[in-house]
Structure formats: C-alpha cells, structure tokens
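A.B. asks: Before I ask anything, let me first share the structure, which is written out below as structure tokens.
Taken together, the values in this text are just the output of simple stated rules run on the coordinates, not laboratory data. Owing to the predicted nature of the structure, the values given are computational and were not obtained by experimental measurement. So basically every Cβ, Gly included, is an ideal-geometry build from the backbone, and we count neighbours across all protein chains shown.
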Amino acid sequence: MLVYPGGDAYHRDTARYSFFQNYLSDLGSRTTWGGAANSTGAWLFGACLVAAAIALCACLAGLWQIHTPSATARPWATAACLAGAMSGISIIAVSLTPMDVNLHLHESLSNGAIIPLPAVALLLGIAALRDHRFPRRSVAGWGVLLTILGLYVAVLFWHPGFGTERGHTIQVTGQKLAVLATLIIVPYQSWLAERAASNSKLQVQVQVIPAEEK
C-alpha cells in the first residue's frame with residue numbers, strides 16, 4: 001500500500017492508496033488507474049498472495065491434523081480442507097492474473113478464491129462443535145467469521161449501488177472488513193485448536209501415570 005502511486009476507478013488523480021476506494025486487487029495492477037507504473041507494488045502484492053495461499057493451506061492442514069483423532073469431527077475438517085484448497089489455488093491464480101491485464105479473468109478467479117471461504121468457516125465450526133475438546137467460543141468464532149464472509153459474498157453478488165461511487169465504496173470496504181476479520185479470527189482459532197490439543201494430551205498423560213503406578 002505504501003508504494004502504490006494512487007488512483008482508483010472514480011478518482012484517477014489521487015496520490016496514494018485509499019482504504020475506502022481502492023480494492024486490494026489495485027495493488028497488483030502493473031499500471032494504476034491514473035496511468036502510473038506500479039511494477040514494484042504488483043510484484044510485492046503477487047508475492048503476498050502466494051504467501052497467503054500457502055499460509056491458508058498450512059493452517060487448514062494443521063486444524064485437520066488436530067481434528068483427526070475425533071471421528072465425528074474428522075469428515076467436516078476434511079471437507080473444510082478441500083474447500084480451502086480450492087480457495088488457495090484460486091488465490092495463487094489471482095496473483096498471476098493482474099486486474100489491468102485481464103479484468104474478467106481476474107474477477108472470476110477472485111470470486112473463486114472468496115466463495116469457498118464461508119463454507120470453510122461453516123465446516124470448521126461444525127467440526128469444532130462435534131469435537132468435545134474444543135470450547136464453545138471456538139464454534140462462536142467460526143460463526144462470526146461465517147457471518148462476515150457470507151455477508152461479503154452477498155454484497156459481491158447483490159451489487160448494492162452497482163455502477164455508482166457509493167456501491168464501489170461499499171464493495172471495497174466490505175472486502176477490507178472481510179480480510180481483517182479473517183486475519184483476526186483465524187489465528188485466534190488456531191490458538192484455541194492448539195490449546196485444545198495440548199489439554200487433551202495432558203489429560204491422557206495424567207490418566208496413564210496412575211495406571212502405570214498400579
């Protein structure tokens with residue numbers, strides 16, 4: 001964002017990135033709306049997207065591993081991993097398809113990255129509910145993320161104020177809120193999952209020690 005020269009669909013002469021007017025995809029454009037070169041920013045954005053895709057898949061793999069001992073949670077966690085993998089692949093494809101090069105393909109790939117995410121939150125919420133080691137706040141956290149991501153997907157397809165600056169601002173702001181919510185909730189859920197797994201191992205050790213003493 002710091003190296004983005006500026007410019008958006010409705011204000012092409014602005015001098016910096018705007019939280020409420022620029023999509024994240026604008027950062028990956030090689031040429032801004034105002035015609036300025038953005039090769040460095042585009043490269044950095046592409047690298048960040050690849051890193052985000054890898055982090056997403058690694059996080060889901062870790063959650064799947066933690067849920068694996070629970071027969072009732074395992075299928076839901078597996079389904080969440082498959083949906084997340086679809087999103088991760090699309091994110092990497094987005095990094096290779098800048099908006100200013102092929103807008104239609106970029107939008108299609110972006111939708112392919114976003115649409116599976118509410119399903120991931122729903123499936124992991126069910127997995128947490130079916131896994132007795134997980135606290136209720138884990139289920140609630142996935143429910144909050146599901147709601148936020150679901151609302152953003154609805155905004156994408158409902159197009160409130162489509163073709164107007166107001167509608168543009170709504171979609172841009174919704175994108176940022178969805179990303180921020182994901183960046184806050186997913187690490188928190190990972191921490192809860194690790195804590196649940198650690199507590200489970202500790203309980204097993206406590207049960208085994210008295211048995212060995214007998």
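A.B. asks: Where the eigenvalues come from the Cα gyration tensor of segment 1-110, what are the semi-axes √(5λ) of the equivalent ellipsoid, largest first, in whole Å?
C.D. replies: Details: eigenvalues 249, 31, 25 Å².
Each semi-axis is √(5λ); the values are 35, 12, 11 Å.
A.B. asks: Let me ask something else. Helix by helix, which DSSP H runs in the chain go 24 Å or more along their axis at the Cα atoms and have an average Kyte-Doolittle hydropathy of 0.5 or more?
C.D. replies: Helices meeting the span and hydropathy rule in the chain are 39-67, 74-95, 136-158.
A.B. asks: Provide the gained length on full extension for the span residue 1 to residue 151, in nm with one decimal, where the gain is 0.36 nm per separating residue minus the Cα-Cα distance.
C.D. replies: 51.5 nm
A.B. asks: Once fully extended, how much extra length lies between residue 188 and residue 12, figured as 0.36 nm per residue of separation less the alpha-carbon to alpha-carbon distance?
C.D. replies: Net length gain for the segment: 59.5 nm.
A.B. asks: Related question: What list do you get for 190, 95 if you sort them by fewest beta carbons within 10 Å? Walk me through the numbers before you get to the answer.
C.D. replies: On the way: 190 15, 95 21.
Taking fewest neighbouring Cβ atoms as first place, the list is 190, 95.
A.B. asks: In Å³ and rounded to a whole number, note down the convex hull volume per residue for the Cα atoms of the chain.
C.D. replies: 118 Å³
A.B. asks: Per residue Cα convex hull volume for segment 144-187, in cubic angstrom?
C.D. replies: 48 Å³
A.B. asks: Next question, about the same structure. Which value in Å does the Kirkwood hydrodynamic radius of segment 58-139 take, with 1/r averaged over all unlike C-alpha pairs and then inverted?
C.D. replies: 13.5 Å is the Kirkwood radius here.
A.B. asks: Using the count of nearby Cβ atoms within 10 Å as a rough guide to exposure, how do 159, 106, 67 rank from fewest to most?
C.D. replies: Ascending Cβ contact count within 10 Å gives the list 159, 106, 67.
A.B. asks: From Cα pairs below 8 angstrom and at least 6 apart in sequence, can you work out the relative contact order of the chain, rounded to a whole percent?
C.D. replies: Relative contact order here is 18 percent.
A.B. asks: In a Gaussian network model over the chain where Cα atoms closer than 10 Å are linked, find which of 64, 76, 158 has the largest mean-square fluctuation.
C.D. replies: Among 64, 76, 158, the largest mean-square fluctuation in the Gaussian network model of the chain belongs to 158.
A.B. asks: For residue 108 and residue 140 in one chain, what is 0.36 nm times their gap in residues minus the Cα-Cα distance, to one decimal in nm?
C.D. replies: 8.4 nm
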